1. Over the range 114-222, what percent of the accessible surface lies on carbon and sulfur atoms, probe 1.4 Å?
2. Compute, for the range 114-222, the length of the dipole vector about the Cα centre, with Cβ point charges of +1 (Lys, Arg) and -1 (Asp, Glu) only. Units Debye, rounded to 20.
3. Once amide H atoms are placed 1.01 Å from N in the peptide plane, what residues at a sequence separation of 5 or more from VAL96, or on another chain, have their amide H within under 5 Å of its amide H?
4. Report the charge-dipole magnitude of the range 37-109 in Debye, nearest 20, computed about the Cα centre from +1 at each Lys and Arg Cβ and -1 at each Asp and Glu Cβ.
5. For the range 148-227, what does the relative contact order come out to in percent, with C-alpha contacts under 8 Å and a separation of six or more?
6. GLN106's amide H: which non-local residues (gap 5+, or another chain) put their own amide H closer than 5 Å, with H modeled 1.01 Å from N in plane and none for Pro or chain starts?
7. Sorted by packing (mean other beta-carbon atoms within 10 Å per residue), highest first, where do 96-102, 145-151, 170-176 land?
8. Hey, what's the Kirkwood Rh for the range 37-109 if you take every pair of different alpha carbons, in angstrom?
Amino acid sequence: MAPDREHIRPDGGIDTLDPPPIDVLTEETLEPETLAENAPRLETVVELLNRPALTRVYVFICYWGPVAPPEAMEALDLSKSTAYAYVDRLVDLGLVDRDDSTRPQQLTADPIIIVEQYVPIVITPTVLHALALQEVDEDVEYFMDRYGLGKLIAALRGAGLHFAGNTTQRMVASDIDVRETEAMMIIYALKPALAVGREHDPFFEYLFPDVHDEMDLPDLDDVANAPTDSSAPDR
């Protein structure tokens, strides 16, 4: 029986019941030219996952754009040199478009998504927002330092299920193998990423196909703070 590719697991990944067929790796996909063409995409994601401060700027532009660099500086409390360095790097990575025909410049960014069919991982702007929260939230920073990105994605999925009323904090703790106090802490620390993501992440349903419209989250109509500011939605 073919595996169910549509079921996303509580840890944020996709169930893979069978190994990928060997014909997935064809001569065409393994050609050096093809691998070289795809390399920048991988490098881009790796850089975002390893640089939460950079990711924070990307998420802000992605969700709030078009914005001018000074708006990002003020919203994210960055120095001018730091803000422009991050913007330059995001432009170089192809993640941000900079319109120089206006004054001030206008920045926009398209949301990215990576759903790997044979590796249990889903990356969307909501996941990147959760990662970036460690820059402004000590609870997320602690959780990342202790458990890493994989478990943070698992906690994000668990938090979504919790706010949808499908699971308790104790169940989340058991599912992702952390202490109950840590589960409670991270569930509420990730609430901003869920609240903003549901409004602005076009790929939110990829993480929560079953409960994306059932979560009890704050309304963002009156929220003007940066999306990576943990104080934006009411915790």
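1. That fraction is 43 percent.
2. Using only the charged Cβ atoms, the result is roughly 440 debye.
3. Those lying under 5 Å, H to H, from VAL96 are VAL91.
4. For the range 37-109, the charge dipole is close to 140 debye.
5. After rounding, I find 35 percent.
6. Here the answer is ASP99, since their amide H atoms fall under 5 Å of that of GLN106.
7. 170-176, 145-151, 96-102
8. One decimal place: 12.3 Å for the Kirkwood radius.
The values are calculated or read from the model by the stated rules, or taken from the named source; none is laboratory data. Quantities reported herein were computed from a predicted structural model and do not represent experimental measurements. Every residue, glycine among them, receives a Cβ derived from its backbone with ideal geometry; neighbour counts consider all protein chains shown. Keep in mind that these areas ignore ligands, DNA and RNA; they rest on the heavy atoms of the full protein, side chains included. Shrake-Rupley method; radii C 1.70, N 1.55, O 1.52, S 1.80 Å.
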